[in-house]
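J.: Structure in structure tokens, see below.
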């Protein structure tokens, strides 16, 4: 089976100007997912749009709506939120509305949006890594794909 993961997570957070939050978590997520899923596609907005913070409003709008659609078309959303992220919140909402499983890594365990929309919540990357490498995530996604009306979309 082919798995398509959309890597959502904090990019700018509450920073002002052209400063970004640390993005090294994305490499760790990619490594974890590649270990757990030999046949997977990783959709990483930062990798595909490294200079997006300097995009014009028109470019930003097109990129944002394209990424939201890609999140909805994925097998699962993997979200890293050490703090709140407006874009990730919207991606989570749209993925949730599309019936896409959402795996959230965050210390914000009492946040309503995270609690309500997430399929599973992990307090840190280590807990997520254990979940993936144990095969539990694969079992959960395989069950989802078998029973999903979106299975044709996700198994391409």
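J.: May I ask you to sort 116, 105 by Cβ crowding, counting other Cβ atoms within 10 Å and putting the fewest first?
T.: Result, fewest neighbours first: 116, 105.
J.: If you rank 77, 7 by fewest surrounding Cβ atoms within 10 Å, what's the result?
T.: With the sparsest Cβ surroundings first, the list reads 7, 77.
J.: Once the Cα gyration tensor of the range 51-128 is diagonalised, what are the square roots of 5 times its eigenvalues, in whole Å and ordered largest first, as equivalent ellipsoid semi-axes?
T.: 23, 15, 10
J.: Using a 10 Å cut-off around each Cβ, can you sort 41, 83, 58 from fewest to most neighbouring Cβ atoms?
T.: Details: 41 14, 83 11, 58 8.
If I rank by nearby Cβ atoms, fewest first, I get 58, 83, 41.
J.: A further question follows. Quickly work out the residue 98-to-residue 27 label distance, labels modelled 7 Å from Cα along the C-beta direction, and quote it in nm with one decimal.
T.: Output for this residue pair reads 2.9 nm.
Taken together, the values in this text are just the output of simple stated rules run on the coordinates, not laboratory data. In this text the structure is predicted, and so the values were computed from the model without any measurement. For neighbour counting, all protein chains shown are included, and Cβ atoms are generated from backbone atoms with ideal geometry for every residue, glycine included.
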